[in-house]
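The values are calculated or read from the model by the stated rules, or taken from the named source; none is laboratory data. Values in this document were obtained by computation on a predicted structure and should not be read as measured data. Reconstructed Cβ throughout: ideal geometry from the backbone, glycine too, with neighbour counts over all protein chains shown. Surface areas here come from the heavy atoms of the whole protein model, side chains and all, with no ligands, DNA or RNA. Shrake-Rupley method; radii C 1.70, N 1.55, O 1.52, S 1.80 Å.
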Amino acid sequence: MSIAIFAAGCFWGVEKKFDLTKGVTKVEVGYTGGKIKNPTYEQVCYEETGHAEAVRICFDEDIISYGQLLDVFWKCHNPTTLNRQGPDIGTQYRSAIFYLSNNQKLEAEKSKQEMNKTKFNNSIVTEITKADEFYLAEDYHQKYLKKLGKY
């Protein structure tokens, strides 16, 4: 299995989108990209941790490619709004791709350039950053929308 990490606003909706994607075997919500270890949801939301709400995706490359996951990523949020998705505002809701290899970095950069050129008119604010430690969110956040019967 391969792994991808994306941030695209509130992790509940992003988790659902990828959880329903063929070839994705596991999606976990958590925090990454910040400066403190083992952050809590309250810290990420109300303190300056620097972490983003993110999803860690395990996927089967025989079924879905990293490039196809990037296509899902671009479609599941608005990558042109800085630190905001819908009503959610703050750096924890930023658009980000956290790459785990040089190949992922190059593919993400190429995909961003292509999307900027063809769909978003050079207005994408998505950061592309080397992945750091990924901290799982609290249990009640995992599959939150599924627990509510939203999928």
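Within segment 77-90, is even one residue among the aliphatic types (A, V, I, L, M), farther than 21 Å from PHE134 by Cα and without any contact (Cβ under 8 Å) to a residue 60 or more places away in the chain? There is at least one residue in segment 77-90 that is among the aliphatic types (A, V, I, L, M), farther than 21 Å from PHE134 by Cα and without any contact (Cβ under 8 Å) to a residue 60 or more places away in the chain.
Filtered by the rule that a residue be in a strand (DSSP E or B) and open to solvent by 60 Å² or more (accessible area, probe 1.4 Å), segment 132-147 gives a lone residue, LEU136.
For segment 45-73, a residue qualifies if it is assigned to a loop (DSSP other than H, G, I, E, B) and either farther than 22 Å from SER101 by Cβ or touching a helix residue (DSSP H, G or I) at 6+ places or on another chain (Cβ under 6 Å) (or both), and the qualifying residues are GLU47, GLU48, THR49, GLY50, HIS51. For LYS110, the test of being open to solvent by 80 Å² or more (accessible area, probe 1.4 Å), in contact (Cβ under 8 Å) with a residue 12 or more places away in the chain and either out of contact with any Asp or Glu (no Cβ under 6 Å at 6 or more places or on another chain) or not in a loop (DSSP other than H, G, I, E, B) (or both) is failed.
When segment 12-31 is limited to residues that are of a type in the set (A, V, I, L, M, F, W, C), touching a helix residue (DSSP H, G or I) at 6+ places or on another chain (Cβ under 7 Å) and open to solvent by less than 40 Å² (accessible area, probe 1.4 Å), the one that is farthest from ASP62 (Cα to Cα) turns out to be VAL29.
Kindly evaluate GLY50 against the criterion of being surrounded by fewer than 21 Cβ atoms within 10 Å (Cβ to Cβ) and either at positive phi or touching a strand residue (DSSP E or B) at 6+ places or on another chain (Cβ under 7 Å) (or both). Here the answer is yes, as GLY50 does meet what is asked. Within segment 113-131, the set of residues being assigned to a loop (DSSP other than H, G, I, E, B) and open to solvent by 100 Å² or more (accessible area, probe 1.4 Å) comprises LYS119, ASN121, ASN122.
Could you list all residues from segment 93-103 that are polar (S, T, N, Q) and more than 11 Å from the chain's Cα centre (by Cα)? Passing the criteria: SER101, ASN102, ASN103.
Would you point out which residue out of ASN103, ASN83 is touching a helix residue (DSSP H, G or I) at 6+ places or on another chain (Cβ under 6 Å) and surrounded by fewer than 16 Cβ atoms within 10 Å (Cβ to Cβ)?
That would be ASN83, the only listed residue that is touching a helix residue (DSSP H, G or I) at 6+ places or on another chain (Cβ under 6 Å) and surrounded by fewer than 16 Cβ atoms within 10 Å (Cβ to Cβ).
When ASN78 is tested against (1) out of contact with any Cys (no Cβ under 8 Å at 6 or more places or on another chain); (2) open to solvent by 30 Å² or more (accessible area, probe 1.4 Å); (3) over 22 Å from LYS119 (Cβ atoms), exactly one condition is not met: (3).
Kindly indicate which of LYS37, LYS105, LYS22, LYS26 is in a helix (DSSP H, G or I) and modelled with pLDDT of 95 or more.
LYS105
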